[in-house]
Amino acid sequence: MTPQADLLITGSHLLPGARQSELLEDHGIAVAGDTIIALGPTADLEKAHPRAQRLHTAHGLVMPGLINTHTHAAMSCFRGIADDLPLMTWLQEYIFPLEQRLTPEIVYHSTLLSLAEMIKSGTTSFCDMYLFAKDVARAAEQSGLRAWVGEVLFDFPSPSYGPVEAGFTYVEEMFCRYRQHPLVRVAVMPHSVYTCSPDLLRRLAEIARRENALLHIHLSENASEVATCRDRYGATPTRHLDRLGLLGDTTLAAHCVVLDEDDISLLAERKVKVSHCVESNLKLASGIAPVVRLLERGITVSLGTDGSASNNNIDMFGEMNCVAKVHKVDRMDPTAMNAETTLAAATLGGATALGVERQIGSLTVGRKADVIVIDLDQPHLIPLYNVPSHLVYAARGGDVVHSVINGRIVMRNRQLLTIDEHEVLAAMREIAAQLHPTPGRR
C-alpha cells in the first residue's frame, strides 16, 4: 500500500537539486512524517494524497533548504559593535573582552535572533561553534532548525566553562544530552592552531574519533595565522594539524584562505571538507580562499556566513551572490564558480561537509523534508529563464515565504511558527543596552 502523506509542498516550479536541467514545472513533493515519499506533478500528488495538509504557492519555487556550515549564531549580539578592523585587533581588543561578559541567557536569546534570521532567509541547517553551546543547542531545539553544535575550546579559561579541563566535561555532557536527538548533533570544535596547544588538539581529535563526530576548526584564515604557526611549529596550519592527526574525512575546516599547493594536496588526500566564508574574509581583509582550485582537486566546498559580528548578516543568498562574483574576478574568468556550482555548495555541498549527504541537501524520495519555497512573483525575479542563475544573482533571503524542516512547517507566509519574533527582538534590545550602552561610540 502506498503511504499517505501528511503534507504536500507544491508550486509553479520544483528544483530538486542545483541544476537547471532538473527543473520541473507545476510539481511538488509529498511528505510523510519527516521524510519525502514522492515527487510529482501537483495534480497527481493531490489525487494520491487527498487528506494531506497543503502548502501551495502559485508562483512558488520549491527547493532544498540552504546549509550554513560555519557560523557563531550568538555573535548577533555584537553585530556592528566593532567594524572595519583587522582580524587580530577585532578579536583580541574587542570580541574576546566582550565575550567575558556573556551569560547563558545572552547567548540563548542572541542565538534565537540568528535562528529567526536564518529561517527567514532560507537556511534549514547550520553548524555553530561558540561559547555556552548548551544554550545554543537549547535555542536550536526550540527553533526546529537542524544543527551541529559544539563548545569552542582553547588554551585559556572560557567565560562559559572556566578552566580548560572543565571544557572537556562540558563537551562530554553535551554528547550525553544530544546523542539520540533527531535534529541537534554535537561536534568537537577546537578554535584554531593559534589558540590551541598541540596537546589540546590531540585530545579533542581523540574525542571526535571516539564519538564518530564532526571535528570543526578555523584553519588558515589569514597570513598572520600562517606566519604564527610557522614560527611556533615550523609548519603551515594544515601540515601542523595533519601531524597531530586532526585531518580526515570528518574534519570540516573553516576559511582556508591562505593555502599553498602542498596544503591543498594534503586536504584533498585526507578528504577534508571546507567551509568557505567569503563575506567575512572580505570584510576582515583576510583574503580570498582558492575555492576554484579546491574544487578542481575534488575537495568538498560548502558555504558559511561566519558570525554576524564579522559579516554582518547570515543571509546565505547574499553569501552565494558574493561567492560567485568574487571568484570570477579572482580568476579573471567569468565562467569560474558558476551559478550551479555555487548553489550546489550551499545545498548538497553543505550536507556532504556535515556527513549527511544521504539525508539532506537535495529533494529526493527517502531524504528528510528540509524544504524552502521562494516567491517568484516579484519584479527582480521576472522574467525567469534560468532558476540557479536567479537564486545566486537575483534572489534575496526575503524572497523565502515558507520553510519546512524535518517535515515540520517552521515558517508560513513569512510568519515564524517556532520562535516568538517580537519577544526575541525585545530581549535583544535589552541585551544590546547592557553590552554597549552608548550607541555610536566604539
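The values are calculated or read from the model by the stated rules, or taken from the named source; none is laboratory data. Note that the structure is predicted; figures quoted are calculated from it, not measured. All Cβ positions, glycine included, derive from the backbone under ideal geometry; neighbour counts span all protein chains shown. Quick note on the areas: whole protein, heavy atoms, side chains included, nothing else; ligands and nucleic acids left out. Shrake-Rupley method; radii C 1.70, N 1.55, O 1.52, S 1.80 Å.
Here A339, A351 are screened, and the one residue that is out of contact with any strand residue (DSSP E or B) (no Cβ under 9 Å at 6 or more places or on another chain), more than 26 Å from D262 (Cα to Cα) and modelled with pLDDT of 95 or more is A339. Look at (1) among the charged types (D, E, K, R); (2) closer than 30 Å to F78 by Cβ; (3) in contact with a strand residue (DSSP E or B) (Cβ under 8 Å, 6 or more places away or on another chain) and you find that D420 fails only one, number (3).
Identification of helices (runs of 4 or more DSSP H) wholly contained in the stretch 239-321 with 2 or more residues that are closer than 17 Å to A223 by Cβ and not hydrophobic (A, V, I, L, M, F, W, C) yields 261-270, 278-283. Checking each residue in the stretch 390-428 for being more than 22 Å from H56 (Cβ to Cβ), free of Cβ contacts under 8 Å to residues at least 60 places away in the same chain and in a helix (DSSP H, G or I) picks out H422, E423, A426.
Against the test of being open to solvent by less than 60 Å² (accessible area, probe 1.4 Å), over 25 Å from M411 (Cβ atoms), assigned to a helix (DSSP H, G or I) and among the hydrophobic types (A, V, I, L, M, F, W, C), the options L98, L113 yield a single qualifying residue, L98.
Sort out which residues of the stretch 330-374 are in a loop (DSSP other than H, G, I, E, B) and in contact with a His (Cβ under 7 Å, 6 or more places away or on another chain), and write them in order of number. The answer is A336, M337. Right, A140: more than 27 Å from S197 (Cβ to Cβ) and either assigned to a helix (DSSP H, G or I) or open to solvent by 30 Å² or more (accessible area, probe 1.4 Å) (or both) or not? Yes, satisfied.
Based on this model, can you work out whether A324 counts as surrounded by 20 or more Cβ atoms within 10 Å (Cβ to Cβ), assigned to a helix (DSSP H, G or I), in contact (Cβ under 8 Å) with a residue 60 or more places away in the chain and in contact with a strand residue (DSSP E or B) (Cβ under 8 Å, 6 or more places away or on another chain)? Considered against the rule, which asks whether it is surrounded by 20 or more Cβ atoms within 10 Å (Cβ to Cβ), assigned to a helix (DSSP H, G or I), in contact (Cβ under 8 Å) with a residue 60 or more places away in the chain and in contact with a strand residue (DSSP E or B) (Cβ under 8 Å, 6 or more places away or on another chain), A324 comes out as no. Out of L363, L348, report the one residue that is surrounded by 21 or more Cβ atoms within 10 Å (Cβ to Cβ), touching a residue at least 40 places away in the same chain (Cβ under 8 Å) and either touching a Lys or Arg at 6+ places or on another chain (Cβ under 8 Å) or under 24 Å from G398 (Cα atoms) (or both). Just one listed residue meets the conditions, L363. Taking the criterion of being within 23 Å of L115 (Cβ to Cβ) and either among the polar types (S, T, N, Q) or at pLDDT 95 or above (or both), the residues of the stretch 274-306 that qualify are S275, H276, C277, V278, E279, S280, S302, L303, G304, T305, D306. T57: open to solvent by 10 Å² or more (accessible area, probe 1.4 Å), touching a residue at least 24 places away in the same chain (Cβ under 8 Å), under 30 Å from D128 (Cβ atoms) and in a strand (DSSP E or B), yes or no? Here the answer is yes, as T57 does meet what is asked.
Checked against the criterion of being touching a residue at least 12 places away in the same chain (Cβ under 8 Å), closer than 21 Å to T250 by Cβ and crowded, with 22+ Cβ neighbours inside 10 Å, the stretch 155-166 has no qualifying residue.
Here is a yes/no grid of residues against (1) in contact (Cβ under 8 Å) with a residue 24 or more places away in the chain; (2) within 29 Å of Y385 (Cα to Cα); (3) open to solvent by less than 50 Å² (accessible area, probe 1.4 Å):
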{"position": "Q4", "(1), (2), (3)": "yes, no, no"}
{"position": "H13", "(1), (2), (3)": "yes, yes, yes"}
{"position": "A18", "(1), (2), (3)": "yes, yes, yes"}
{"position": "S21", "(1), (2), (3)": "no, yes, no"}
{"position": "G28", "(1), (2), (3)": "yes, yes, yes"}
{"position": "V31", "(1), (2), (3)": "yes, yes, yes"}
{"position": "I36", "(1), (2), (3)": "yes, yes, yes"}
{"position": "G40", "(1), (2), (3)": "no, yes, yes"}
{"position": "D44", "(1), (2), (3)": "no, yes, no"}
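Kindly indicate the residue of the stretch 1-42 that is closer than 27 Å to T342 by Cβ, in a loop (DSSP other than H, G, I, E, B) and of a type in the set (A, V, I, L, M) and also nearest to the chain's Cα centre (by Cα) among those meeting that condition. Filtering first and then ranking leaves A18.
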